[in-house]
Amino acid sequence: MSSYNPKKNVLGISHINVVVDDIEKATEFYARTLGFEPAFNDDGEMYYCDVNMPSFANNAGFVGQEVIVDVCFLQHKDSGLYLELMHYQSPQGNQEIEVKATNDLGGPRHIALEVANIDEAYWFLKAQADVSLINSSKDYGPPEELTPFPIKFFYWIDPWGVQWEMEQGRPMGTAVGICG
């Protein structure tokens, strides 16, 4: 019998992976819209070009195939979140971005970020030419309070099909995460 205990073994979120067609463009986008910056470790900037490692290919499910990928980590210093941007040179996957509806099955539907000012976040993101709100109707937004709960939120989609939620008002406690 295994002694593995997932309650004690899972330590936190390591990173959020986004497959992109252009790492420089994605780095600029996530810096401008969410405040992410290039991440560094003891060896310098965590930007790795032309990664071609059989162990990576095997672990990523490309058993017996050659994989060439560029990988760039971005960090949001205030929240501690990391994004891992990946551009697959070979093999290329489906290059069409399929945006799913909020209520579709199949994988995580959004990544939620707590913000200090939801209205400012809404108007800022709405003004970005490369951001799509989840609904293009003039009746969508700005966010309304979920009475009787003091929470406001809205959804938006980035150029790579990732759906984000910006949220304000949930009691956060002393650590980042849902406390109430």
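The values are calculated or read from the model by the stated rules, or taken from the named source; none is laboratory data. Just so it is clear, the model here is predicted, and its values are computed rather than measured. Heads up, the Cβs are rebuilt from the backbone with ideal geometry, glycines too, and the neighbour counts pull from every protein chain shown. Remember, those area values only see protein heavy atoms, side chains included, never the ligands or the DNA or RNA. Shrake-Rupley method; radii C 1.70, N 1.55, O 1.52, S 1.80 Å.
Structure summary
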quantity	calculated
Residue list for region 1-20, filter: in a helix (DSSP H, G or I) and either under 20 Å from Asp78 (Cβ atoms) or of a type outside the set (D, E, K, R) (or both)	Pro6, Asn9
Selection within region 111-134 - open to solvent by 70 Å² or more (accessible area, probe 1.4 Å) and not acidic (Asp, Glu)	Ala116, Trp123, Phe124, Lys126, Ala127, Ala129
Any pair with Cβ under 7 angstrom, 6 or more apart, that starts in region 120-141 at a residue that is in contact (Cβ under 8 Å) with a residue 12 or more places away in the chain and ends at one that is of a type in the set (S, T, N, Q) and in a helix (DSSP H, G or I)	Leu125/Thr33; Gln128/Thr33; Val131/Thr33
Number of positions in region 21-58 that are open to solvent by less than 80 Å² (accessible area, probe 1.4 Å), part of a loop (DSSP other than H, G, I, E, B), out of contact with any Ser or Thr (no Cβ under 9 Å at 6 or more places or on another chain) and closer than 15 Å to Trp160 by Cβ	1
Qualifying positions in region 107-119 - assigned to a loop (DSSP other than H, G, I, E, B) and in contact (Cβ under 8 Å) with a residue 40 or more places away in the chain	Arg109, His110, Val115, Ala116, Asn117
Of residues in region 140-152 being out of contact with any helix residue (DSSP H, G or I) (no Cβ under 7 Å at 6 or more places or on another chain) and of a type outside the set (A, V, I, L, M), the one farthest from Trp123 (Cα to Cα)	Pro148
